[in-house]
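Participant: One structure is given below, represented as structure tokens, and several questions about it will come after.
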Amino acid sequence: LTQISAGFSYVLQTPVIFMLLGCNFLMVFFSMTYFMLLPGFVKDVLGAGPDKLGLIISVSGMGSLIGSLIIASLSNRGRARILLSGAMLMGVSLLLFSMSTNYWLSLALLTVVGFGQSARMSLSNVLIQSYVDDDYRGRVMSIYMLEMSVLSISIYPISVLADIFGPQWAVGVSAACLIVLVGVLFTIPAYRDLD
């Protein structure tokens, strides 16, 4: 308990780590909920079955793989800008995906979503690893991995929204919130200019 407490205290007392973790949690909150709604979205909006659902998930994964390979080949400069650009690309693609009722267009858009998601995930991890003190690396990365818990919590209000207004509105509102968040972060030099 003492070690856990020290880890949280370090995060709260280290502005750059607190900012990176906080922004990452918000991006996960708005960007990943679509994946949980995908089975219902594919069935109700796109009128497709389990085979088409499997294909759309696979293609999204291919976009992530391509994105990861491209990110790995880039230099270590302007990483926060690339992260924000990937998150913005994801947000815009998700917004367009939420409006689409065509399966093949949705498939293409989710490939781009996967690409943007890989940029966000890999670079947020890299930035945190770059700025954390060695003594706290394990504890901070444990807190970072709580993003999956954030996803579990965030899916409830988004699911309620999907139940009331439909999955397109739920995904669209999440995507719009992500776009606004990333737009705000682009105006904050302390985040935008991190290498």
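Participant: List every DSSP H helix in the chain whose Cα atoms extend 20 Å or more along the helix's own long axis and whose mean Kyte-Doolittle hydropathy is at least 1.6.
Facilitator: Those that pass (Cα extent of 20 Å or more, hydropathy at least 1.6) are 15-31, 167-186.
Participant: In addition: With the other protein chains left in place, how much accessible area per residue, in square angstrom, belongs to the chain at a 1.4 angstrom probe?
Facilitator: Ligands and nucleic acids excluded, the result is 49 Å² per residue.
Participant: Please compute the Kirkwood hydrodynamic radius of segment 48-107 from all pairs of different C-alpha atoms, in Å with one decimal.
Facilitator: 13.2
Participant: Just to confirm my numbers, what's the Cα centroid distance between segment 154-195 and segment 33-73 in Å?
Facilitator: Here the answer is 18 Å between Cα centres.
Participant: So for segment 1-131, averaging the separation of alpha carbon pairs under 8 Å that are six or more residues apart and normalising by length, what relative contact order in percent results?
Facilitator: Taking the mean separation of contacting Cα pairs over the length of segment 1-131, I get 32 percent.
Participant: Still on this structure, I have one more. Using a 1.4 Å probe over the heavy atoms of the protein chains, calculate the carbon and sulfur portion of the accessible area of the chain as a whole percent.
Facilitator: Exposed carbon and sulfur together represent 69 percent of the surface.
Participant: Right, something else. Write down the Kirkwood hydrodynamic radius of segment 123-195, to one decimal in angstroms, obtained as one divided by the mean of 1/r over all alpha carbon pairs.
Facilitator: In segment 123-195 this quantity evaluates to 14.7 Å.
Participant: Using the per-residue mean of other Cβ atoms lying within 10 Å as a proxy for protection, in what order, highest first, do the peptides 20-28, 176-184 fall?
Facilitator: Highest to lowest by the protection proxy: 20-28, 176-184.
Participant: Let me ask something else. Over segment 13-151, how many percent of alpha carbon pairs lie in each 10 Å bin up to the one with the longest distance?
Facilitator: Percent of pairs per bin, in order: 12, 39, 31, 14, 4, 0.
The values are calculated or read from the model by the stated rules, or taken from the named source; none is laboratory data. Just so you know, these numbers come straight off a predicted model, no measurement behind them. Cβ atoms come from the backbone with ideal geometry, glycine included; neighbour counts cover every protein chain shown. These area figures cover heavy atoms from the full protein model, side chains too; ligands, DNA and RNA do not enter into them. Shrake-Rupley method; radii C 1.70, N 1.55, O 1.52, S 1.80 Å.
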